[in-house]
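Some notes on the structure that comes next.
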């Protein structure tokens with residue numbers, strides 16, 4: 001069983017930084033850690049451990065240098081079984097199963113599950129049984145009953161009570177689509193929605209053709225083709241916006257870019273509208289109560305313009321189209337790594353703050 005290095009310490013007093021562990025240190029795991037530092041809130045959270053099967057030298061190197069997001073905003077080095085960030089040690093373990101880590105020894109408040117390997121409640125329960133107090137997933141659960149809550153920050157994060165054990169941060173596409181759809185459903189009503197995600201290549205695709213996946217399309221070179229893949233986006237949207245149940249269809253196409261994706265939305269609305277009216281609503285929302293989640297632009301853009309953009313969605317107003325008075329076509333950009341990692345940080349802060357407040361709340365008995 002893996003044990004902590006010098007990063008572990010005695011349980012912090014009330015008001016001390018929340019203690020976090022990152023399980024799985026790939027694209028989202030590394031972006032999550034970076035987001036804590038770039039947002040200037042790393043002192044609110046103490047990442048006490050990272051569990052990642054890769055070797056420590058590789059972990060340190062890919063933390064320090066990132067081909068998509070640039071250099072890490074603080075000094076990074078490999079220590080003795082630790083990753084050193086700005087001189088602060090983070091224990092590094094290399095377990096491949098939840099049971100192989102002594103989670104309790106680190107006294108975490110939350111484990112951030114970024115490996116993407118676990119989706120059913122039975123699989124996720126293994127973390128709790130092994131000593132994790134609570135788990136935040138960087139992917140949807142296999143079904144609604146496999147987690148205690150699926151949260152899209154800005155939409156339903158207020159439903160977190162603090163006592164949950166398993167919470168999903170949904171998917172990057174769900175986080176991009178739901179705020180826009182929620183606005184349009186509330187203002188105009190949506191009768192039907194067809195969403196096509198144009199998603200950057202991912203690490204479940206090979207650079208050249210190879211026996212890489214049970215989905216035969218994903219055995220083809222990611223950098224040479226536009227490749228249709230399956231998606232659970234429609235289910236995810238209906239889970240968050242039940243008023244749209246039975247009205248949403250979705251498909252996904254992987255494209256040969258490294259980062260930044262888009263959703264092409266075709267919507268039939270309940271009322272006659274003008275495209276300019278839609279853009280006014282989305283612009284006002286991006287400048288108002290939704291400014292943390294949605295951005296708006298009507299300049300001529302290419303996808304690279306939104307690399308490292310922290311918003312969940314960026315509405316491209318120049319691409320808004322109407323077919324008749326009720327059929328609306330929107331283009332929504334999103335950084336599928338950075339925007340999603342920032343929403344994971346938001347959910348972390350909300351959930352743990354509720355957890356601490358619940359513990360401090362005086363008894364009424």
Check: residue 191: modelled with pLDDT of 95 or more, surrounded by fewer than 20 Cβ atoms within 10 Å (Cβ to Cβ) and out of contact with any helix residue (DSSP H, G or I) (no Cβ under 9 Å at 6 or more places or on another chain), yes or no?
Finding: yes
Item checked: Set 68, 63: member being assigned to a helix (DSSP H, G or I) and touching a helix residue (DSSP H, G or I) at 6+ places or on another chain (Cβ under 9 Å) -> 63
Next item on the list: Looking only at segment 86-105, decide whether some residue is over 22 Å from residue 130 (Cβ atoms) and under 23 Å from the mean Cα position of the chain (by Cα).
Entry: no
Notebook entry, point to check: So which residues in segment 306-327 are free of Cβ contacts under 8 Å to residues at least 24 places away in the same chain and over 15 Å from residue 181 (Cα atoms)?
Noted result: 318, 319, 323, 324
Notebook entry, point to check: Of everything in segment 44-69 that's surrounded by fewer than 18 Cβ atoms within 10 Å (Cβ to Cβ) and in contact (Cβ under 8 Å) with a residue 60 or more places away in the chain, which residue is nearest to residue 351 (Cα to Cα)?
Noted result: 44
Next item on the list: Determine the pairs where a residue that is surrounded by fewer than 18 Cβ atoms within 10 Å (Cβ to Cβ), located within segment 236-250, has a partner that is assigned to a helix (DSSP H, G or I) with Cβ atoms under 8 Å apart, the partner being 6 or more residues away or on another chain.
Entry: 238/244; 243/185; 245/238; 246/238; 249/234
Item checked: Residue check, residue 269 closer than 13 Å to residue 182 by Cα and over 25 Å from the mean Cα position of the chain (by Cα) -> yes
Margin query: Against the condition surrounded by fewer than 19 Cβ atoms within 10 Å (Cβ to Cβ), at pLDDT 95 or above and under 19 Å from residue 23 (Cα atoms), how does residue 124 come out, does it pass?
Written below: no
Item checked: Pick from segment 197-223, criterion in contact with a helix residue (DSSP H, G or I) (Cβ under 9 Å, 6 or more places away or on another chain), assigned to a loop (DSSP other than H, G, I, E, B) and in contact (Cβ under 8 Å) with a residue 12 or more places away in the chain, ranking: nearest to residue 261 (Cα to Cα) -> 202
Item checked: Filtered residues of segment 133-157 (kept if out of contact with any strand residue (DSSP E or B) (no Cβ under 9 Å at 6 or more places or on another chain) and free of Cβ contacts under 8 Å to residues at least 24 places away in the same chain) -> 142, 143
Margin query: I'd like to check which strands (runs of 3 or more DSSP E) are fully inside segment 270-365 and have at least 2 residues that are in contact with a helix residue (DSSP H, G or I) (Cβ under 8 Å, 6 or more places away or on another chain) and closer than 30 Å to residue 37 by Cβ.
Written below: 294-297, 313-316, 327-334
Item checked: Failed criterion for residue 221 (all others in (1) under 14 Å from residue 184 (Cα atoms); (2) surrounded by fewer than 18 Cβ atoms within 10 Å (Cβ to Cβ); (3) more than 24 Å from the chain's Cα centre (by Cα) hold) -> (1)
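The values are calculated or read from the model by the stated rules, or taken from the named source; none is laboratory data. Only a predicted model underlies this, so the values are computations on that prediction, with no experimental measurement involved. A quick note on method: Cβ atoms are made from the backbone with ideal geometry, for glycine too, and the neighbour counts reach across all protein chains shown.
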